[in-house]
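Data first, discussion second: the structure below is written as structure tokens.
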Amino acid sequence: MLTALRSRVRAARDLRLLRPLVARADRLWWARVIRRAGIVDLDYVRAQVGRPLSEAAAVRRYVNGGFREGLRLSPLFVDTAVGDHLPEAWRVPALYAYLVADPRGLQVSPLWDAVAYGERHPDAWDTPGGPLGHAWRHRGTHSIPLGPRSEPAAASWPDVSRVIVEAARRARVGGEVSPAPGNEPLGRELILAIGPEEWDFDESFAEAVAFSDAPGQGVAIAVLDDRAEDWTLASMLAAGRPRVRVSRRRHDDATLALDELLTSSRAEVVVVRGPNQTLTAADAMRLAERVEERPVGTLLAPVWRDGDGTIAAVGATADGRFLAGHPIEDLDSLAPVTDLEVPALAGSTFAARRADVSVALQGPDAAARLDGRAIVALDVETRTRSRAASADLPAELPAGDALLLRAGWERHDDGPLPRVRRPQRLIELPDGERVPALRWALRTAAPVGPRAEGWGDTHFARALADALRRLGQEVVIDSYPARTRPTRHLDDVTVALRGPEPLEASPTGISLLWVISHPDQIGPRDVAGFHEVFAASAPWAQATGRELGVSITALLQCTDATRFHPAGRPRGSDILFVGTARGILRPSVVEPIRAGIPVTVIGPDWRGWIPAERIAATGVRNDELPALYESAGVVLNDHWPAMQERGFIGNRLFDVVAAGGRAISDQVEGIEELFGGAVRIWENVPELIGLLSGDLERVFPSSADLDAVSARIRIEHSFDARARTLLDAALRHR
């Protein structure tokens, strides 16, 4: 009933005449829900806006757009910490979205763990506002929760409240705040700058909280931006944790602010994290441990990655930042080494004994000016969130020829920088054919960092890369931001795995295009310049090839047969769906649940679309999927409308059948012939309900027949088979 009502309201928003009325009704409802939760800190809001106002006015200002402008109603709630995990948080205030959702499993702030709080206080789950409301109403007796265990802060609520109000006032009126000197000796201190480009600042605060939670470890934070929330969170953390120091400085003085904190530190070992960079608490501790294990004078830095996922630096040499612009896979040639000695460090993220830092930090490559034995930890990474600043290295650094050879490169005298190449070699394939070991670049539409793990394109590219490597090839994978990286002239073959974003042919080497999704977006410009074009649909390849006047070869999606294969797991009775809600009413999931069929759903954004009890988890590791598919009674599947209409069969069906599972899917041309009964199709909702309501053993073929289909799919439609097709194509055009 609620889902159907939500659908009607959503449809009304699309009608021009009704849109203003619906929007006004939305805001009134949002305000009512928030006020009833009783979680507004009026002193905090007044300090942000600089004038007295009532609770009703504060909430009204928030829902009328203040939530988009940085206005916050509770210091215990950070909108960005929860927004990505709730439906429509891009449209509605995140605080409202949280209050109407099931709070189990949801985090609300980087400073405290709402899930851990709920586990400590079980009555919090069902109280108005969930753990957020419960913590707020108990602040007078327990102070506010803080840290990964959500234990009470060291300071009382009146003291914390004064800090919060002053921090919000300071953020509004401006002005710098000097750091307090270290008031107690520490074993380690994490020193970090939070700058204006750090859009996921809540992640940095969460890591700072985790680092400061360990005994003998402290944190010093320089806030360099004008976001009121950053300075408020830093001040709250310092008030609740005696081992945390903070400063507020101009946003154009990052290394100066870091140096100020470093100079006033009383820690034995410091870990300095530059502005707008990622560094987990665990990695910061690993860096500190390695410094402690090594002789005095050791300087240690992580691998520095740029915002597009490529390498920004692995230390520095006379040639500049070492391996800058290379894909991260180019570190593999240095294995099994984990600690690489380099002529100098690069960037401004490093670990050292505080006594060994004898010069002031200055510039984007502040670490390069430190004196000592420079080592890069190849198994630890930091990444600039946007774009690494231009290099500013000392004038004279030692040469890096030995490092270059160690990384598998040799110099040559012409062409674009870097003027290096791989030594040529031949590989003998299992069938006896000798082929060159080529360097392949797989370009994807996937983003950089943890968000890429939720993209099917990421796992598709990794499986294809592994298959090509089994053919003796060298393979790197580029995220979408790295599609024009400055080292692409080093690649012999580029494979553009075309998804939702355009990918151009490479200006050098062989370029192959494989259209695996979003075929409705392909036009003449999208296929221009490629030596050969493939598509994951036979009917689309034929029709579009005629339309565009190019030859398009059918190359269906596939499965990783090294992972998806039967393991003898007993088949259960679960009706399973794995995937996102996509922001729409996916009928393959919603309609069976409406009919009372118990579908088990695993996916990140289903809250608000289906009952919470049907959501088993918000995500699953990719390596857990084979077991889920094999042991499920049946796996539900559907396709994007554009793929369904154009005959693109998604790779989930290949994975399910290869794993020994069974699937029910919407109709796409070719499914029945391809999967031979292991996948049953439906064309309308009554057919779907009928299939799921009956005896599934009668719906699908015998176990022997299913085993035969599974074996055929693993042989004919594996990534290994696709890799050989692509290798043959590259050799034809070489």
query = In segment 160-198, what trypsin sites (Lys or Arg not before Pro) fall in a loop by DSSP, with at most 16 other Cβ atoms inside 10 Å?
reply = none
ask   = Rounded, prolate or oblate: which fits segment 398-506, taking a ≥ b ≥ c as square roots of the Cα gyration tensor eigenvalues, rounded meaning a/c under 1.5, else prolate when a/b beats b/c?
value = oblate
key: Cleavage-rule hits (trypsin sites (Lys or Arg not before Pro)) in segment 57-137: DSSP loop, at most 15 neighbouring Cβ within 10 angstrom   = R91, R104
ask   = Which value, in debye to the nearest 20, gives the size of the charge dipole of the chain about its Cα centre, when Lys and Arg are +1 and Asp and Glu are -1 at the Cβ?
value = 2140 debye
Computed [θ] at 222 nm, helices only, for the chain once each DSSP H run of length n ≥ 4 contributes -39500 (n - 2.57) = -10000 deg cm²/dmol
Gyration tensor verdict on segment 164-411 (Cα atoms; rounded if a/c is under 1.5, prolate if a/b is larger than b/c, oblate otherwise) = prolate
request  = Tally the DSSP beta bridges in segment 164-411 and give the antiparallel ones as a percent, rounded to 5.
outcome  = 40 percent
ask   = Of the beta bridges DSSP finds with both residues in segment 426-554, what % are antiparallel, to the nearest 5?
value = 10 percent
request  = Let me know the shape class of the chain, please: from the alpha-carbon gyration tensor, a ≥ b ≥ c as square roots of the eigenvalues, rounded when a/c is under 1.5, otherwise prolate if a/b is greater than b/c, or oblate.
outcome  = oblate
Net charge dipole size for segment 164-411 [Lys, Arg +1 and Asp, Glu -1 on Cβ; Debye, nearest 20] = 720 debye
remark   = Lys and Arg at +1, Asp and Glu at -1: neighbours of E673 with Cβ under 13 Å from its Cβ sum to -2
query = Using 1/(1 + (r/R0)^6) with R0 = 22 angstrom and r between the beta carbons of H489 and E197, what's the FRET efficiency to the nearest 0.05?
reply = 0.15
note = A correct fewest-to-most ranking of Y62, Y98 by other Cβ atoms within 10 Å would be Y62, Y98
ask   = Contour minus end-to-end for D26 and H733, with contour as 0.36 nm per residue of separation and end-to-end as the Cα-Cα distance?
value = 248.6 nm
request  = Could you point to the residue in A25, Y117, V269 farthest towards the positive end of the chain's charge dipole, with +1 and -1 charges on the Cβ of Lys/Arg and Asp/Glu respectively?
outcome  = A25
key: Cβ-placed point charges (K, R +1; D, E -1), dipole of segment 426-554 about Cα centre in debye, nearest 20   = 220 debye
key: Listed peptides 258-265, 715-722, 406-413, 686-693 by packing density, highest first (mean Cβ within 10 Å)   = 258-265, 715-722, 686-693, 406-413
task = Sort R582, R241, R621 so the one with the fewest other Cβ atoms within 10 Å of its own Cβ comes first.
result = R621, R582, R241
Selected from L256, P507, A463, residue furthest toward positive end of dipole (the chain; charges at beta carbon) = L256
task = Compare the Cα positions of H138, P152, T484 along the charge dipole of the chain (+1 at Cβ of Lys, Arg; -1 at Cβ of Asp, Glu; about the Cα centre) and return the one farthest towards the positive end.
result = H138
query = Among 448-461, 509-522, how do they line up from the highest to the lowest mean number of other beta-carbon atoms within 10 Å?
reply = 509-522, 448-461
ask   = What is the Cα centroid distance between segment 325-383 and segment 276-317, reported in whole angstrom?
value = 6 Å
Ranked M285, M236, criterion: other C-beta atoms within 10 Å, fewest first = M285, M236
request  = Of the DSSP beta bridges with both residues in the chain, give the percent that are antiparallel, rounding to the nearest 5.
outcome  = 25 percent
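Quick note: the coordinates plus some simple rules give every number you see, no bench work behind them. Model, not experiment: these values are computed from the prediction. For neighbour counting, all protein chains shown are included, and Cβ atoms are generated from backbone atoms with ideal geometry for every residue, glycine included.
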